[in-house]
Amino acid sequence: MVTRVAVIGGGIAGVSAAHHLLEVDPTLDVILLEMESTLAHHTTGRSAALLLENLGTPSTRILCSASLDYLRNTPDNVVDAPLLTHRQVLHVGTVAQDEAIDRVLAEGINSATTPTIEVDINEALRLFPLLKRDRVHRAILEPDSADIDVGGLHQSFVRGLRRAGGRITTTTRVDAAIPDGDGWNLDTTDGPLGADLIVNCAGAWGDVVAARADIESVGLQPMRRTAFMVDGPGLDTTGWAFTADIDHLWYLRDDGAQMFCSLAEEAPSEPCDPKPEELDVALAIERLNEATTLGIRSVNSAWVGLRTFAPDRSMVIGLEPSRPNFIWCVGQGGTGIQTAAGAGRLTAELALGNCLPAEFDDLNLADVTPDRFR
């Protein structure tokens, strides 16, 4: 019988899983362990935070759909303000990118609440006036997307967890997890800890945590993504779309008086606290100045986040076949914020051996469980 649960990782995946475990079974003793001094120090706190239903693998899109009700109708007692602010997403392409435009357009026809549509160049320029007309051959629009308040979403799960009696400890690294009868004895920097169940939500460190429990890797690969802030155009940017190159060569959006920009790269990395590289920032500036009239000359601030993928780019959620009291919830890639509620609920239900709710009826579990890598 499961009574003590140790959730490893204080990012969006960990707090959601911990919250949903107690929502499913309020009698559990749940403790969340975070190795840093603050929660959400790494990827969660560095996300572009966009709700984009037409993103990721089929299983990822189902998890996004399963998260929509929480994002749109978050319980009032865990948030101070709505989590979503409507923002359209515009993808643009040159003549050479016709095939990519057609592919993304086709993928978005049936996979989102509001289908992806093609818009003409004049409409694209209205939605993002800084685009250079001669660089836009075609454009497609995700009309019902939104900015997500990442801090508010993360805090909602923290509040729910704490109000249900869950505990959170920071500066607590798990150095080893040793089987102890039907449970685990965890060797942590804060002392020994017993648990019936481990939930691995360690993000880029997911395989590292597994190795400390003598469990085989699932092949996670963290990928760098560079982002930075620059001065805005000095215009009223109300209603401007989040705008991206169709082949993920760059993206940008307004952020108050500044512009949030990214190279949108995927560069392999070790699990770490990455720092921006001058060449990456320079390449992003070059691409953005070719595509827009922003005329970037300097950067106000820059950072790098890690987006971690499994080999097939679908998430890894479920019981470890070799140790069914070890649960995975990793490999969110660039979709961890918008799928957090659904992924946390799925993790909790699978961890406790329950029947899945109706929102997962279309999900093929073989697409997400770790069995596919064994």
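The values are calculated or read from the model by the stated rules, or taken from the named source; none is laboratory data. These figures come from a predicted structure and were not determined experimentally. As a convention, Cβ positions derive from the backbone with ideal geometry for all residues, glycine included, and neighbour counts pool all protein chains shown.
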Residue selected from segment 95-118 under the condition touching an Asp or Glu at 6+ places or on another chain (Cβ under 6 Å) and buried (at least 20 other Cβ atoms within 10 Å of the Cβ), by the criterion nearest to residue 287 (Cα to Cα)
116
Keeping to segment 126-164, report how many residues are assigned by TED's automatic domain parsing to the domain that holds residue 247, in a helix (DSSP H, G or I) and more than 22 Å from residue 255 (Cα to Cα).
3
Please give the strands (runs of 3 or more DSSP E) falling wholly within segment 213-275 in which 2 or more residues are closer than 21 Å to residue 333 by Cβ, aliphatic (A, V, I, L, M) and touching a residue at least 12 places away in the same chain (Cβ under 8 Å).
221-231
Look through segment 245-261, keep the residues that are crowded, with 20+ Cβ neighbours inside 10 Å and in contact with a Leu (Cβ under 7 Å, 6 or more places away or on another chain), and return whichever of them is farthest from residue 306 (Cα to Cα).
259
Of everything in segment 196-215, what is surrounded by fewer than 24 Cβ atoms within 10 Å (Cβ to Cβ) and either closer than 11 Å to residue 7 by Cβ or among the polar types (S, T, N, Q) (or both)? Give them in sequence order.
197
Evaluate segment 303-316: report whether one residue or more is within 29 Å of residue 26 (Cα to Cα) and either in a helix (DSSP H, G or I) or touching a helix residue (DSSP H, G or I) at 6+ places or on another chain (Cβ under 9 Å) (or both).
yes
Assess whether residue 123 counts as being within 26 Å of residue 236 (Cα to Cα), not in a loop (DSSP other than H, G, I, E, B) and not assigned by TED's automatic domain parsing to the domain that holds residue 339.
yes
If a residue has to be closer than 14 Å to residue 60 by Cα and not β-branched (Val, Ile, Thr) to count, how many in segment 312-322 make the cut?
4
Going through (1) in a helix (DSSP H, G or I); (2) in contact with a Ser or Thr (Cβ under 8 Å, 6 or more places away or on another chain); (3) of a type in the set (Asp, Glu) one by one, residue 349 fails only at (2)
